[in-house]
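Where a number appears in this text, it was derived from the coordinates with a stated rule and is not lab data. Note that the structure is predicted; figures quoted are calculated from it, not measured. Don't worry about glycine lacking a Cβ; one is built from the backbone with ideal geometry, like all the others, and counts go over all protein chains shown.
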């Protein structure tokens with residue numbers, strides 16, 4: 001006959017069950033609290049969280065992931081990984097599945113698709129994840145499109161800077177060659193003629209023939225004057241003394257007066273409203289070089305009839321504008337990397353402006369003219 005438990009034994013069992021039930025309720029509450037905390041983290045995360053089943057279907061997505069891809073949550077839950085990954089990256093999604101199933105983790109950069117068909121670059125980190133007591137794949141996404149664009153812009157700028165540096169060295173060498181050629185061909189020949197004239201005069205002096213000596217020296221004077229003019233021209237091309245003696249405003253006026261006989265068909269209007277003493281000294285050579293390059297382009301290429309040069313102080317900044325109504329050009333084509341390699345003009349003006357702390361703007365329309373605008377803060 002089976003023994004019946006005593007009252008005390010029943011009481012002990014009841015207490016044990018009560019304790020187990022209490023522990024179960026505590027565990028259940030802790031689990032619910034953890035779920036609430038998980039949902040709060042999941043929903044408030046600044047990164048995109050997507051949970052896939054092992055077949056690649058989306059079973060959950062947080063608000064940030066939905067926002068990234070342009071879908072409502074209900075729409076996201078009807079999609080698979082291949083629906084939100086660029087077709088060129090489908091192989092990467094398969095690798096995401098394989099790596100997590102085998103190694104438990106995944107990390108890569110990929111390209112995802114938005115609902116509207118546009119794409120963006122993401123940094124993907126994947127891990128094994130248990131969701132509703134089943135094995136799933138968790139993907140954590142960060143939109144790095146802006147970072148990738150910035151990196152590409154930096155690479156492009158570095159490439160263009162390298163090309164520009166090379167061209168600057170080439171230009172410097174060409175300038176040295178031009179100066180050497182000018183000194184050798186023009187000034188060298190002139191000095192040789194002076195030397196011969198002086199030697200001839202000395203011979204006449206030895207003969208005591210003063211009239212012949214005077215005549216020979218008179219012939220040397222215009223040759224000597226030409227040599228002086230040649231030297232002055234070389235100096236002016238290197239750096240006009242007028243810039244240091246009288247300033248940029250006088251230099252601008254003098255430069256145009258010098259160029260005007262070469263292009264009498266151009267009607268030039270010069271508006272300078274900023275006082276000389278408000279223009280920083282280091283900026284004056286930059287203004288001169290920009291003007292020099294712009295004027296050369298106008299004279300050689302623009303076929304302009306009207307030119308406006310403006311130098312003014314506006315809203316605590318210096319503004320320098322050179323505008324013409326000439327042929328203009330295709331801005332995108334001329335500013336392409338290939339054209340940067342061919343010529344330094346526009347890039348040189350831009351780089352000079354930036355290196356001196358300013359901003360450079362260029363507007364060109366074929367057959368309607370070109371506007372160069374540079375500004376510097378005061």
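The figures follow:
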| quantity | calculated |
| --- | --- |
| Relative counts (whole %) of C-alpha pair distances in region 145-238, using bins that are 5 Å wide | 3, 12, 13, 11, 9, 8, 8, 7, 6, 5, 4, 4, 3, 3, 2, 2, 1, 0, 0 |
| Computed over region 58-201: relative contact order in percent, which uses C-alpha pairs under 8 Å that are six or more apart | 14 |
| Residue among 13, 159, 25 with the largest mean-square fluctuation in a Gaussian network model of the chain, springs linking Cα atoms under 10 Å | 13 |
| Protection-proxy order for peptides 249-256, 73-80, each taking the mean of Cβ atoms within 10 Å per residue, highest first | 249-256, 73-80 |
| Computed FRET value (nearest 0.05) for residue 55 with residue 15, which takes r as the C-beta separation and R₀ as 41 Å | 0.25 |
| Antiparallel DSSP beta bridges within the chain, percent to nearest 5 | 90 |
| Tilt relative to the chain, helix 188-207 - C-alpha long axis, 0 to 90 degrees, to 10 | 20 |
| Estimated FRET transfer efficiency (residue 205, residue 231; beta-carbon r; R0 35 Å; 0.05) | 0.80 |
| Principal-axis tilt of helix 7-44 within the chain, Cα atoms, nearest 10 degrees | 20 |
| Sorted peptide list for 173-180, 107-114, criterion being average Cβ within 10 angstrom, highest first | 107-114, 173-180 |
| Nearest-ten-degree value, helix 281-297 long axis tilted from longest Cα axis of the chain | 80 |
| Mean projected area in nm² (Cα convex hull; one quarter of hull surface) for region 223-378 | 10.2 |
| Stokes-Einstein D in µm²/s, Kirkwood radius over Cα pairs - the chain at 4 °C with 1.567 mPa s viscosity | 44 |
| Two-decimal Rg/Rh across region 21-143, once Rg and the Kirkwood Rh are taken from alpha-carbon atoms | 1.03 |
